[in-house]
Amino acid sequence: MSDTGRRSRILQAATDRGILHPERAPLAAFVDWERVTLNVEHLMHAFPADLSTLHAFAVKANSLVPVLARLRELGMGAEVASDGELTAALQAGFTPERIVFDSPAKSWQELRRALELGVSLNIDNFQELERVRQIVKERPSTSEIGIRLNPQVGTGDIAAMSTAGVHSKFGIPLEDPGMRERLIEAYLAHPWLRRAHTHVGSQGCPLPLIGQGVNELVRFADEVNTRAGFAQIQTLDIGGGLPVDFKTDAPLSAFDEYVAVLGEGAPRLFSGDYAIVTEFGRSILAKQGFIAAYVEYTKQVGGRDIAITHAGAQIATRTIFMPVAWPLRIEAFSQSGDAKSLEHTVVQDVAGPCCFAGDLVARGRELPALVPGDIVALLDTGAYYASNPFAYNSLPVPGVYGVSMTANAAPEFSVMREAQLEPYLEATAE
Ligand SMILES: *Cc1c(COP(=O)(O)O)cnc(C)c1O
């Protein structure tokens, strides 16, 4: 079955069961668990089997507790960056030692909670190091603690997603004058710093750039351990950021290619001297999910064809505000979920329901002529889309459904998030 055929099966079943409904549920999102399982297995097999490795899912990519629980069952850990994400990870059943807490703005309270629980922690800056020092002096912690380095190797295609530029806001800049030495001395002075961390960037960072950043991390750890005279740094957290292909159906992410690039660019990573933590988000779930929305109206304006749908900025915020950096593939289906024929296409815009002109998920796109009642699917949206909606126009939060295909390819749905039925109100009038 083609991937379009697979999506069509899912939409047919979803419309049959009212999970998608023109009035009650004109927008819904789907996560294809069979595809996620294959992809996670692919990740686990890509890394050398004889190394201790924790693949921590970056919770911001999809923070729904049932999604996290399934990823835990598949053998992943969790990377969190706020108290809320930490709570979601604990609710999903992750044990503290399989949770990594990264955030550049951890409050005293967040630090105390993480250190009490024994969650691993990556410190972002020297001021935070001082807070952690004070807390563990009062009350020793079982947390594994490291520092995030910015290897300053450069930026990728999307500036907002790049975290290893000269001026990035994250971590301690290794190449700034005096910083490398100051950081090494901090490690030597605090022997409980047993990890080092970097995350070069997300989507748009080429693999060799990530490899270069990771190599800087390994070089740094080797230097600390040589100067310490023992294997002080035992774990290297190499972050996530493997880009995904938003242009084609490619159900597995390029984890094997990524590992090959690391083997080449940062060979000491796989020496056996270090345990490894990864923090992939987008590459775990993006291509394994999609969003579906009904077309409510179609119109022609100034010679331009526009389909007004229920999918806009509330679930595709990045695509709406940065359309060049985050283009999405769109597929057209009839109201019963059958793929529309590609024989008669029209160049059209696909708009969302939000009340501003830029709320377009696609511009000038050649698609089968859309009519009211059709369904559009926004592909590759399993991460960073429907799971973190934007409350603009008080639009309801759509349901998110896990899909499992039974032996005869009949989809079974499980609720990852209930569709919101009552409108969300900022404040209730007296
Ligand atoms: C966002 C983020 C990730 C995940 O990035 P992806 O591109 O989704 O893989 C991992 N680590 C840190 C520190 C992050 O901020």
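Table for the structure above
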quantity: Whichever residue in the stretch 160-192 is at pLDDT below 95 and exposed (fewer than 12 other Cβ atoms within 10 Å of the Cβ) and, among such residues, is farthest from the ligand (Cβ to nearest atom); calculated: 167
quantity: Exclusive hit being within 15 Å of the ligand (Cβ to nearest atom), over 17 Å from residue 385 (Cα atoms), touching a residue at least 40 places away in the same chain (Cβ under 8 Å) and part of a strand (DSSP E or B), set 54, 71; calculated: 54
quantity: Subset of the stretch 249-268 [β-branched (Val, Ile, Thr) and in contact (Cβ under 8 Å) with a residue 60 or more places away in the chain]; calculated: 259
quantity: Only one of 295, 324 that is closer than 27 Å to residue 29 by Cβ and free of Cβ contacts under 8 Å to residues at least 60 places away in the same chain; calculated: 324
quantity: Residue 217 buried (at least 18 other Cβ atoms within 10 Å of the Cβ), touching a Pro at 6+ places or on another chain (Cβ under 7 Å) and at pLDDT 95 or above; calculated: yes
quantity: Subset of the stretch 378-398 that is small (Gly, Ala, Ser) and in a loop (DSSP other than H, G, I, E, B) - its residue that is nearest to the ligand (Cβ to nearest atom); calculated: 383
quantity: Residue within the stretch 78-88 that is in contact with a Ser or Thr (Cβ under 9 Å, 6 or more places away or on another chain), of a type in the set (S, T, N, Q) and either more than 29 Å from residue 270 (Cβ to Cβ) or surrounded by 22 or more Cβ atoms within 10 Å (Cβ to Cβ) (or both) present; calculated: yes
quantity: Residue list for the stretch 293-318, restricted to those being touching an Asp or Glu at 6+ places or on another chain (Cβ under 6 Å) and over 9 Å from residue 376 (Cβ atoms); calculated: 306, 308, 312, 313
quantity: Out of 2, 52, sole residue that is modelled with pLDDT under 95 and exposed (fewer than 15 other Cβ atoms within 10 Å of the Cβ); calculated: 2
quantity: In the stretch 91-114, the residues that are surrounded by 17 or more Cβ atoms within 10 Å (Cβ to Cβ) and either without any contact (Cβ under 8 Å) to a residue 12 or more places away in the chain or under 18 Å from the mean Cα position of the chain (by Cα) (or both); calculated: 92, 94, 98, 99, 100, 101, 102, 103
quantity: Criterion violated by residue 21 - all others in (1) more than 12 Å from the ligand (Cβ to nearest atom); (2) surrounded by 17 or more Cβ atoms within 10 Å (Cβ to Cβ) satisfied; calculated: (2)
quantity: Some residue of the stretch 197-218 being over 19 Å from residue 240 (Cβ atoms) and away from the ligand (no atom under 16 Å from the Cβ); calculated: no
quantity: Breaking point among (1) in contact (Cβ under 8 Å) with a residue 12 or more places away in the chain; (2) more than 16 Å from the ligand (Cβ to nearest atom); (3) aromatic (Phe, Trp, Tyr), for residue 246; calculated: (2)
quantity: Residue check for residue 281: within 16 Å of the ligand (Cβ to nearest atom) and in contact (Cβ under 8 Å) with a residue 60 or more places away in the chain; calculated: yes
quantity: Test: residue in the stretch 387-404 that is touching a residue at least 40 places away in the same chain (Cβ under 8 Å), over 26 Å from residue 356 (Cβ atoms) and either surrounded by fewer than 18 Cβ atoms within 10 Å (Cβ to Cβ) or outside the structural domain of residue 346 (by TED's automatic domain parsing) (or both); calculated: yes
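For (1) in the same structural domain as residue 236 (by TED's automatic domain parsing); (2) among the charged types (D, E, K, R); (3) more than 22 Å from residue 400 (Cβ to Cβ), each residue gets a yes or a no:
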{"position": "66", "(1), (2), (3)": "no, no, no"}
{"position": "70", "(1), (2), (3)": "no, yes, no"}
{"position": "81", "(1), (2), (3)": "no, no, no"}
{"position": "89", "(1), (2), (3)": "no, no, no"}
{"position": "103", "(1), (2), (3)": "yes, no, yes"}
{"position": "113", "(1), (2), (3)": "yes, yes, yes"}
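The values are calculated or read from the model by the stated rules, or taken from the named source; none is laboratory data. Not measured: the values here are computed from a predicted model. Don't worry about glycine lacking a Cβ; one is built from the backbone with ideal geometry, like all the others, and counts go over all protein chains shown.
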